[in-house]
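Peer 1: Please see the structure below; I have some questions.
Where a number appears in this text, it was derived from the coordinates with a stated rule and is not lab data. It should be emphasised that the depicted structure is a prediction, and the values quoted were computed from it without experimental measurement. All Cβ positions, glycine included, derive from the backbone under ideal geometry; neighbour counts span all protein chains shown.
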Amino acid sequence: MYSLYLDGSGTHGGSPVFILAGVAVHEQDAYHLQQRFEAPLSALPGTSDPRDFELHAAEIKNPNGFKNSRWKSIPWPLRRRILGNSYRALRSYQCIDAVNPCAFFGAVVERSYRDYEERAWEEVLHKFDEMLGRQGKLVGEHQRGIVIHDRSSTERQVQNWADKWRQLSGRIGTLTHMTDVPFFSDSRASRLLQAADFVAWALWRYYGVRDRDDRWIKPLWGHFDSQGGKMHGLIHVSRSYRQAQCDCPPCKARLERATSLPAKAGTLS
């Protein structure tokens, strides 16, 4: 059983993209990744209770933008240390069994698409479903997955979409490995939902700001689900994709797959 923890970014007005991203964890790794991810909080002053601090990347970076943030009492050098160590914990975690690896998933969708949120969910859920199918063949048993997201005003709509995709073939296909529709929970209660926030925020700093900031996402590129050395777990849905105007890793991987498919199928180009 795999659990995919997701969070969104770019939901505010004026954002050029909507981002849905997170981390898929096999059941045997969930507790251990949680412990590894929250370990940097041990650097907090002795009078602080780590349970009172949510690992929310944007808030750690700039707590003044968040009402009643406990991070305001923590000086920037220590916040920067915790932020960096949390990212290092995510990218350096070694799964208990290499046959069942952890993997990141995500979709970055330009908000010029009217159905940007639905597209993002459809892409991520199908990429997760495809990974479960591959894992099932690899280990010789049918793999199942559940999806957990931070509380959202659109959760009922998301559940309706997922229920439809589990029964009928949508734009991409049918979901065949999901145990249920996505569940929604308070991120303050789950370190792994907070880990999903770190993945989404790293993508936001790359795709959502005027001047690309790749220092957070660059070490994570290789951790998105891949097959045959090519990235599958992340997609950038852009109107300029077919003109090859974007040089980001998922767009380049997508173009490489598209150009190699005819040769693999034995058809003439």
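Peer 1: Excluding residues on the same chain fewer than 8 positions from LYS72, give the lysines whose Cα lies under 19 Å from its Cα.
Peer 2: Reachable lysines: LYS61.
Peer 1: Note down the net charge around TYR93, summing +1 for each Lys or Arg and -1 for each Asp or Glu among other residues with Cβ under 10 Å from its Cβ.
Peer 2: After counting each charged neighbour, the total is +2.
Peer 1: Taking Rh as the Kirkwood radius computed over C-alpha pairs, what is the Stokes-Einstein D of region 69-178 at 4 °C in a medium of viscosity 1.567 mPa s, expressed in µm² per second?
Peer 2: This corresponds to a translational diffusion coefficient of 77 µm²/s.
Peer 1: Using the Karplus curve 6.51 cos²θ - 1.76 cosθ + 1.60 with θ = phi - 60°, work out ³J(HN,Hα) for each residue of region 225-239 in order, rounded to whole Hz, and write x for Gly and Pro.
Peer 2: Residue by residue, region 225-239 yields 3, 9, 8, x, x, 10, 5, 10, x, 9, 10, 10, 8, 9, 5 Hz.
Peer 1: Here's another thing I want to ask about it. What are the lysines whose alpha-carbon lies under 22 Å from the alpha-carbon of LYS127, with same-chain residues fewer than 8 places away excluded?
Peer 2: LYS137, LYS164, LYS218, LYS230, LYS252, LYS264
Peer 1: Let me check I've understood the local charge: for LYS218, count other residues with C-beta under 11 angstrom from its C-beta, Lys and Arg +1, Asp and Glu -1. What total comes out?
Peer 2: Combined, the nearby Lys, Arg, Asp and Glu give +2.
Peer 1: Next question. Could you work out the local net charge near TYR113, counting Lys and Arg as +1, Asp and Glu as -1, over the other residues with Cβ closer than 13 Å to its Cβ?
Peer 2: Overall, the nearby charge balance is -1.
Peer 1: Sticking with this one: What does the convex hull of the alpha-carbon atoms of the chain project to on average, in nm²?
Peer 2: Reported value for the Cα convex hull: 15.4 nm².
Peer 1: Taking the highest mean first, how do the peptides 45-57, 139-151 order by number of other beta carbon atoms within 10 angstrom per residue?
Peer 2: Result, highest mean Cβ count within 10 Å first: 139-151, 45-57.
Peer 1: Additional query: Long-range amide H contacts for LEU234: which residues qualify at under 5 Å (H placed 1.01 Å from N, peptide plane, sequence gap of 5 or more or a different chain)?
Peer 2: GLY106
Peer 1: Continuing with the same structure: Picking from GLY65, MET131, TRP121, whose Cα lies most toward the positive end of the charge dipole for region 65-141 (charges on Cβ: Lys, Arg +1; Asp, Glu -1)?
Peer 2: GLY65
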